[in-house]
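Below you'll find the structure, written out as structure tokens, and then a few comments.
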Amino acid sequence: MNFDFSDDQKQLRDQARKFLAEKCPPKAVRVVLDGKAAYDKELWKGLAEMGFLGVAIPEEFGGAGAGHLELCVIAEEMGRANAPVPFSSTVYLAAEALLIAGSDAQKKRWLPAIAAGEAIGTLALFEGKGNPAPKNLKLTAANGVLNGVKKPVADGGIADFAVVAARTGSSGRENDISLFLVDLKAGGVEVKSLTNLDPTRGQAEIIFSDCKAEPLGAAGEGWSILTQVLDRAAVLCAFEQVGGADRALEMGRDYALDRIAFGRQIGSFQAVKHMLADMYVSATLARSNSYYGAWALSTNAAELPEAAAAARISATQAFQHCAKNNIQVHGGMGFTWEFDCHMYYRRANAMALGLGSLSYWEDQLIDRMRKKNAA
């Protein structure tokens, strides 16, 4: 496969990079990291004004109607900037679930609000420890009423609505799972903020007690829809992780060129050279797999499930590898609060679990390739 982004899409990437460099410097990230704000509201407003929140939302629902390739290049720049906003939970998860399974009324209510920066969404899937699986869902739905607990929920403390996965049967099979749309400002919802590794991407526990909800998609098709949402989000998150990995590599390289030890740049030492070279290889491999995922996502190719898993695996590994070794290149200074290395290390490890663990996606890739070969 020979794939690359178009000149227009590359110009969009440059535009997003310039915008985020101005509006999201490290000091702005630290405001949220220090707990002085739940997220960067001004940046969120600016992203809406630039059209970035609705880039993949059809024009009829208030978006730009561009597509997923444009969203991929924006996601990469969001990762480079370590942006402290609920972009992934709202755009990769909630909006995609609405686009896949929402009714016209649901789309008209929420998608224009997302594109305008007036609504924050999330996906309430996890219920404590464990990877995504029908058997791990205990929250129940009966007669349009939800009861149970979801945690951790990404950006749950600031979200206006949530797509909630609930059990509608007792067998624990895939056809017992349905999705529901919940206005988190309505009754029957209690939200508790959780302490997590990366405070710039908040998490919450949401308790549903006789909470009224409206179905999203057909009954019993929740797991099928979730699988599609997670595959799309895996590709988009991979680009965000690639952006973060590239920035961590750049930080390490720049420091290695500036830092003098024993009368020489530390970048001239073989051990540091090899460390930076390994970072470059892992980031480049992740980019290659992410490009494959972007092609599959934009064309709705049959290979999307395998491509999404491969992108997710390589990008997760690359971001963690680059973020960790960026600290090593900086030496003792890399562990300090004053340097920015830890912000990318936090984000890398938080993103590694956001859609299920690395081992979950490795198992998904193996299972999907086996099914494909057996067909």
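What the table shows:
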item	result
Matching residues in segment 200-223 - criterion: being buried (at least 18 other Cβ atoms within 10 Å of the Cβ), at negative phi and in a loop (DSSP other than H, G, I, E, B)	THR200, ARG201, GLY202, ALA213
Single match in ALA141, ALA56 (criterion: in the same structural domain as LEU197 (by TED's automatic domain parsing), surrounded by 20 or more Cβ atoms within 10 Å (Cβ to Cβ) and either at negative phi or assigned to a loop (DSSP other than H, G, I, E, B) (or both))	ALA141
Long-range neighbours under 8 Å by Cβ, at least six apart or interchain, first residue farther than 16 Å from ALA245 by Cβ and not assigned by TED's automatic domain parsing to the domain that holds ARG247 within segment 330-348, second in a helix (DSSP H, G or I) and of a type outside the set (A, V, I, L, M)	none
Test: residue in segment 224-243 that is part of a strand (DSSP E or B) and either aliphatic (A, V, I, L, M) or in contact (Cβ under 8 Å) with a residue 12 or more places away in the chain (or both)	no
Any hit, segment 277-297, residues being without any contact (Cβ under 8 Å) to a residue 40 or more places away in the chain and of a type in the set (Gly, Ala, Ser)	yes
Options ASP258, ASP254; residue that is outside the structural domain of GLY130 (by TED's automatic domain parsing), at pLDDT below 95 and surrounded by fewer than 17 Cβ atoms within 10 Å (Cβ to Cβ)	ASP258
Residues that are surrounded by 14 or more Cβ atoms within 10 Å (Cβ to Cβ) and assigned to a loop (DSSP other than H, G, I, E, B), drawn from segment 4-47	PHE5, CYS24, ALA37, ALA38, TYR39, ASP40
From the options ALA308, ALA315, ALA350, ALA302, residue that is aliphatic (A, V, I, L, M), in contact with a Lys or Arg (Cβ under 9 Å, 6 or more places away or on another chain) and under 26 Å from ASP34 (Cβ atoms)	ALA350
Criterion violated by VAL85 - all others in (1) more than 14 Å from the chain's Cα centre (by Cα); (2) part of a loop (DSSP other than H, G, I, E, B) satisfied	(1)
Residue identified as free of Cβ contacts under 8 Å to residues at least 40 places away in the same chain and polar (S, T, N, Q) among SER178, SER88, SER171	SER171
Qualifying residue in segment 96-113 (condition: outside any loop (DSSP other than H, G, I, E, B), of a type in the set (Phe, Trp, Tyr), under 21 Å from the mean Cα position of the chain (by Cα) and not assigned by TED's automatic domain parsing to the domain that holds LYS18)	yes
All positions within segment 147-188 that are over 22 Å from LYS41 (Cβ atoms) and β-branched (Val, Ile, Thr)	VAL149, VAL163, VAL164, THR168, ILE177, VAL182
Any chance THR168 is at pLDDT below 95 and among the β-branched types (Val, Ile, Thr)	yes
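The values are calculated or read from the model by the stated rules, or taken from the named source; none is laboratory data. This is a predicted model, so every value here is computed, not measured. Please note: Cβ atoms are built from the backbone with ideal geometry, for glycine as well, and neighbour counts cover all protein chains shown.
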